Amino acid sequence: MSTWKMRSTLGRLAVTALALTLAAAPAAAQSVMKLANATINDVQHEWQKQFAAELQTRAGGAVTTEIYPASQLGAIPQMAEGVVLGTIESFISPTAFLTPVDPRFQIFDVPGLFSSPENLVAVVHDPAYRDHLETMFLDKGVRVIGAIFNSPTIALTRQPVDTLEGFKGLKIRTFASPLQMKPMESLGAIPSPLPLSEVVPQLQSGGIDGMLAGMPILTAFKYYDVAKNVTDLNFTQILSVALVNEAWFQAQTPEVQEAIRAAGRAAEVSVFPWGVENLARANKVWTDNGGVVLALPADQQQAMMTNFRKIGEEVVGANPAVKAEYDILYKVVEEKAGK
């Protein structure tokens, strides 16, 4: 080959290589953010959708979000492990399911802690506390990018239960948290932590007699086709948090990091009224489909709450690290009382 032809060939190869490099550069710079969730068509799912829209506005094409609701990426324990290990970029869940990741998550589940949904929101959106919450679990490899009111805790049962005595001997699916398991044990029930994806088959087969949950979950998954009875225990206001893997977060540019933080907080604010309205819609859907909502006698509700609060204080007091975080949280709760 002549020198001219060799130079021409090398030139064409160089141009081709440069074109391929330039074509590949945007793809290499773009990050994929998988958003995992066990639920669907509820406030957690809505937060993910609003977060994705907010992030697109702030970060453009730097991050592509993919939402996987209804346990598409595995059962809750697998998704929680995935966000810690980094195989899933983000996972949203009630805090009670995250106690295996870090026992400090259980401070938000102390019975009677939050007096109302508005009180919960006032606390977690306190600027100083929200900053603290975001970085509380960095030592476990996760960052909180979303904190939202989920729903009050209710009990679904195959047979109607309108007294505390009625819970004795029942196998009740709980979150994997001492602050759900121990209160139910105190009523004589048998707590049975299960992934959400396994609850319906267990209810249908009689493997369990009921579950603790929020009403929007019951209607989203049409639990009224399996069991019709809800007892409005309302002993906690469930807080859901969206986590992101910290190593993945740190791999993003400073601009993308700030966009993620801002998008999460913007979605928190906008999703709250949607969640409150959805709770009202869910209650109507439940009764429209033949479901019933029962309440304990007032004296039994009061006695239950006194007992549950005592259990909560004992659980958080048993671990110094948990107690320290609970004291910080409780101070903010007192400051926001009535708000």
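Below is a table of values for the structure above.
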item	result
Selected residue (criterion: farthest from LEU218 (Cα to Cα)) from residues of region 35-49 that are outside any loop (DSSP other than H, G, I, E, B) and among the charged types (D, E, K, R)	LYS49
Some residue of region 63-75 being touching a residue at least 40 places away in the same chain (Cβ under 8 Å), within 18 Å of the chain's Cα centre (by Cα), farther than 24 Å from ARG281 by Cα and open to solvent by 30 Å² or more (accessible area, probe 1.4 Å)	no
Condition check for GLY291: under 24 Å from VAL101 (Cβ atoms), in contact with a helix residue (DSSP H, G or I) (Cβ under 6 Å, 6 or more places away or on another chain), at pLDDT 95 or above and of a type in the set (Gly, Ala, Ser)	no
Residues that are surrounded by fewer than 24 Cβ atoms within 10 Å (Cβ to Cβ) and under 20 Å from TYR223 (Cα atoms), drawn from region 139-152	PRO152
Unmet requirement for GLU277, which otherwise passes all of (1) over 19 Å from the mean Cα position of the chain (by Cα); (2) without any contact (Cβ under 8 Å) to a residue 60 or more places away in the chain	(1)
Count of residues meeting criterion [over 24 Å from TRP274 (Cβ atoms), open to solvent by 20 Å² or more (accessible area, probe 1.4 Å), at pLDDT 95 or above and part of a loop (DSSP other than H, G, I, E, B)] in region 100-126	2
Any hit, region 255-264, residues being modelled with pLDDT of 95 or more, open to solvent by 20 Å² or more (accessible area, probe 1.4 Å) and touching an Asp or Glu at 6+ places or on another chain (Cβ under 6 Å)	no
Some residue of region 273-286 being out of contact with any Ser or Thr (no Cβ under 6 Å at 6 or more places or on another chain) and either at pLDDT below 95 or within 30 Å of SER31 (Cβ to Cβ) (or both)	yes
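The values are calculated or read from the model by the stated rules, or taken from the named source; none is laboratory data. Just so we're clear, the structure is a prediction, and the values are computed from it rather than from any experiment. As a convention, Cβ positions derive from the backbone with ideal geometry for all residues, glycine included, and neighbour counts pool all protein chains shown. All accessible areas refer to the heavy atoms of the entire protein, side chains included, with ligands and DNA or RNA removed. Shrake-Rupley method; radii C 1.70, N 1.55, O 1.52, S 1.80 Å.
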